[in-house]
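Chemist: A single structure is presented below for examination.
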Amino acid sequence: MDIYQKSNQKESQKMGKKRKRERGSIHPRNKYSDNPPDFGVLASLYPSFQPYVFYSREGKPRIDWKDFNATRELTRVLLLHDHSITWWIPDGQLCPTVPNRSNYIHWIEDLLSSDIIPNSQEGNIVIKGFDIGTGANCIYPLLGASLLGWSFVGTDVTDVALEWAERNVKNNPQISNLIEIRKVDFEEELTEKDMKNGDKIKNYHGPPILMGVVKSGESFDFCMCNPPFFETMEESGLNPNTSCGGTLAEMVCPGGEQAFITRIIEDSVQLQQSFRWYTSMVGKKSNLKSLIGKLREVGVSVVKTTEFVQGQTCRWGVAWSFVPPSKKIISSHVASKNVLTFMLQGIQRNFSAFHVLQSIESFFHTNGATCKLNASTFHIDIHVAMSNCKEILKDIDFVDQSNDLQFRVTVFEQIPGTLLIRGSLKPGETSVPGLLSSIFQKLEDALRNSFCPQKLSNSDHV
Ligand SMILES: C[S@@+](CC[C@H](N)C(=O)[O-])C[C@H]1O[C@@H](n2cnc3c(N)ncnc32)[C@H](O)[C@@H]1O
């Protein structure tokens with residue numbers, strides 16, 4: 001290899017790493033994050049896997065991702081080898097990839113251990129999860145129970161999914177007491193014609209999802225869902241590069257994932273804090289945006305999103321809660337000596353952080369202050385000359401007219417729809433006690449009126 005090829009190779013490695021960083025990557029706690037499965041080693045340990053492994057010209061062991069039998073056998077040996085799970089699914093059922101599904105489990109683990117909402121768990125209580133549409137593969141309960149000791153209710157609607165999920169649980173007595181498979185009862189069966197006409201039906205009208213399935217008095221730490229992504233079976237066949245199987249009932253729902261997840265949101269409004277976190281996987285980024293809008297409309301207290309990237313597959317995760325966020329994050333007017341902050345929650349969808357920044361500038365500007373806006377760092381340096389700013393200082397009776405005030409206001413995006421506004425005195429600057437805080441109170445009222453009028457009362461008590 002000459003030097004040119006070498007540098008080309010280095011360059012493409014660099015580009016590869018850059019692309020990977022840009023697109024996100026496997027969760028750092030994922031078992032396969034530093035150790036991707038070695039098909040050669042697996043083939044030597046598991047003869048049943050051998051026939052599916054071939055070697056590239058460079059001598060790298062590979063499998064044919066379009067061969068359902070190969071992907072199913074890979075999942076079987078990975079679950080056995082790395083998780084001591086005995087597992088199988090019948091032909092044609094959706095075949096999960098283990099590293100990919102593990103990312104979702106680890107993201108939920110992050111949410112549960114974060115202090116975004118207060119942790120209600122004390123002591124060593126087993127975490128309770130609810131897997132909506134667990135499938136024949138029952139992958140999330142099996143992984144969650146074996147990796148983290150979580151307990152699960154896994155639901156489904158089809159006989160084959162329920163029968164095989166039960167089998168997969170029973171075949172693993174070491175964790176079977178942690179998993180309950182629950183049948184979703186419903187009267188009206190969706191016909192194949194209904195499913196195929198899915199693109200004409202935007203509202204979900206299938207079997208119950210949470211309401212009517214969650215029993216009275218039950219509560220869970222989280223729910224999770226890999227929803228039927230597609231509106232039609234034709235749409236589900238768009239990716240010719242993989243063959244993970246998947247039947248009509250597994251892959252398709254009238255209205256697609258948008259309708260399915262919207263129903264989960266509607267159910268969550270009824271069930272409120274019966275779940276600490278509601279979560280779902282989202283297959284299309286365009287759907288994520290409108291789902292976040294819907295979540296803001298129904299007044300959830302927190303929304304979090306993530307990207308799951310595994311090889312060529314990219315999916316998103318959305319999580320929300322009705323539990324009031326930890327005081328630490330949202331407390332209004334946290335005053336340290338020269339720094340004040342307040343949160344603006346429930347900002348209407350059509351407004352961005354930049355709109356808020358501009359509105360802060362115009363608030364001070366129309367009140368006679370001098371402002372210098374820096375759009376790249378989202379801050380404004382403000383100079384309030386007492387003699388020019390009578391309006392803003394009205395009702396503030398302790399002002400020493402001889403002193404000017406210089407401070408910086410910065411806008412931080414916390415989560416979608418929530419901004420943190422921070423005001424800090426210029427280094428070395430001192431202020432009449434309470435002056436900055438009084439000005440800030442006026443700014444907060446003005447911003448709330450402009451950007452989140454309906455949230456005025458809500459934000460007062462969180
Ligand atoms: C895309 S598959 C996911 C299977 C598995 N969780 C996975 O990640 O591989 C969607 C599953 O949801 C089930 N399903 C559809 N509607 C449902 C409902 N209302 N309640 C529970 N499960 C449902 C389907 O039968 C199917 O098994």
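Chemist: Have a look at 119, 100 and point out the one that is out of contact with any His (no Cβ under 8 Å at 6 or more places or on another chain) and surrounded by fewer than 16 Cβ atoms within 10 Å (Cβ to Cβ).
Modeler: Unique residue meeting the criteria: 119.
Chemist: Restricting to the stretch 134-165, name every residue that is surrounded by fewer than 24 Cβ atoms within 10 Å (Cβ to Cβ) and near the ligand (Cβ under 7 Å from one of its atoms).
Modeler: Once the filter is applied, which keeps residues that are surrounded by fewer than 24 Cβ atoms within 10 Å (Cβ to Cβ) and near the ligand (Cβ under 7 Å from one of its atoms), the stretch 134-165 yields 157, 158.
Chemist: Moving on to the next point. List pairs: first in the stretch 216-231 and within 11 Å of residue 259 (Cβ to Cβ), second away from the ligand (no atom under 15 Å from the Cβ), Cβ under 8 Å, 6+ apart or cross-chain?
Modeler: These pairs meet every condition: 231/199.
Chemist: For the stretch 235-321, which helices (runs of 4 or more DSSP H) that fit wholly inside it have 1 or more residues that are within 13 Å of the ligand (Cβ to nearest atom) and either in the same structural domain as residue 133 (by TED's automatic domain parsing) or modelled with pLDDT under 90 (or both)?
Modeler: Once the helices (runs of 4 or more DSSP H) in the stretch 235-321 are filtered for at least 1 residues that are within 13 Å of the ligand (Cβ to nearest atom) and either in the same structural domain as residue 133 (by TED's automatic domain parsing) or modelled with pLDDT under 90 (or both), what remains is 248-251, 256-271.
Chemist: Quick check: is even one residue across the stretch 36-48 β-branched (Val, Ile, Thr), modelled with pLDDT of 95 or more and part of a helix (DSSP H, G or I)?
Modeler: yes
Chemist: Can I ask one more? Evaluate the stretch 104-114: report whether one residue or more is within 15 Å of the ligand (Cβ to nearest atom) and out of contact with any helix residue (DSSP H, G or I) (no Cβ under 9 Å at 6 or more places or on another chain).
Modeler: Yes.
Chemist: Here are some conditions: (1) modelled with pLDDT of 95 or more; (2) more than 16 Å from residue 94 (Cβ to Cβ); (3) within 12 Å of the ligand (Cβ to nearest atom). Residue 168 meets all but one. Which one does it not meet?
Modeler: Just one mismatch for residue 168, condition (2).
Chemist: Based on this model, can you work out whether residue 380 counts as farther than 14 Å from residue 340 by Cα and modelled with pLDDT of 85 or more?
Modeler: The answer is yes for residue 380.
The values are calculated or read from the model by the stated rules, or taken from the named source; none is laboratory data. These figures come from a predicted structure and were not determined experimentally. Heads up, the Cβs are rebuilt from the backbone with ideal geometry, glycines too, and the neighbour counts pull from every protein chain shown.
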